[in-house]
Amino acid sequence: MNIRNAEVAAAVAAAGIDPQITILDAEAKTAAAAAAQLGCEVGAIANSLVFDCDGAPLLVMASGAHRVDTDVLAGVLGASSIGKASPRVVRDATGQVIGGVAPTGHPRRLRTVVDQTLARYPVIWTAAGTADSVMPLTYDQLLALTEGVAVQVR
């Protein structure tokens, strides 16, 4: 584990959750790559996606089984526009790089929404701070850890 993983583990433990970080054999910058290494359904992978929502970063924890419909999400959130955040915005907002954004440990608390589709999986795998690390959580743990709101994202 590196310093980023240790920071994530500390934040998860502070939330009362046992941080079971797993270091993968190779980087998994996509849900399909992570699922293949873990031997789970791609839908059980929670993609950590940072969007620009009316000029502010928005973390969307979305099932790897589908794409986020930004028009639907904007309607749900009452936003005028939601678009892809630049790598710099992701780094500035989370302190992490695309492909390894953990659902906690950000320099500042991000507004977060959690895909309701993830609730159907008993174990959800999220990034743990690097592109080669993941950790298992339940849906309720993910909501609590992110202080997120459950929404439809497609």
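Every number here is computed from the coordinates shown, using simple stated rules; none is lab data. Since we're looking at a predicted model, the values are computed, not measured. Cβ placement follows ideal geometry from the backbone for every residue including glycine, while neighbour counts extend to all protein chains displayed.
How large is the helix-only mean residue ellipticity at 222 nm for the chain, computed as the sum of -39500 (n - 2.57) over DSSP H runs with n ≥ 4, divided by its residue count, in deg cm²/dmol to the nearest 500?
On the way: 5 runs with 44 residues, N = 154.
Per the formula, -8000 deg cm²/dmol.
So what is the relative contact order of segment 23-115, in percent, for Cα pairs below 8 Å that sit 6 or more residues apart?
On the way: 144 pairs, mean separation 25.5, N = 93.
So the answer I get is 27 percent.
May I ask for the net charge around residue 139, where only other residues with Cβ less than 15 Å from the Cβ of residue 139 are counted and Lys, Arg are +1 while Asp, Glu are -1? Each step should come with its number before you reach the end.
On the way: positive: 120; negative: 41, 115, 140, 147.
Residues near residue 139 contribute -3 overall.
Could you work out how far the C-alpha centroid of segment 103-154 sits from that of segment 11-30, in angstrom?
Cα centroid to Cα centroid, the span is 11 Å.
What GluC sites (Glu not before Pro) does segment 2-108 have in DSSP loop regions with at most 16 other beta carbons within 10 Å? All intermediate terms of the calculation are to be shown ahead of the outcome.
Numbers: sites: 7, 27, 41; in loops: 27, 41.
Passing both the DSSP loop test and the Cβ count: 27, 41.
Hey, what do the phi angles of segment 3-12 turn into as Karplus ³J(HN,Hα) couplings, whole Hz, using 6.51/-1.76/1.60 and θ = phi - 60°, x for Gly and Pro?
4, 5, 4, 5, 5, 5, 4, 5, 5, 5
Semi-axes of the chain's equivalent ellipsoid from the Cα gyration tensor, sqrt of 5 times each eigenvalue, largest first, rounded to whole Å?
Numbers: eigenvalues 97, 57, 43 Å².
Over the Cα atoms of the chain, the ellipsoid semi-axes are 22, 17, 15 Å.
Considering only DSSP states other than H, G, I, E and B, which trypsin sites (Lys or Arg not before Pro) in segment 58-126 qualify as loop sites with at most 13 other Cβ atoms within 10 Å?
Details: sites: 67, 84, 88, 91, 108, 109, 111, 120; in loops: 67, 108, 109.
In loop regions of segment 58-126 (DSSP not H, G, I, E or B), the sparsely surrounded trypsin sites (Lys or Arg not before Pro) are 67, 108, 109.
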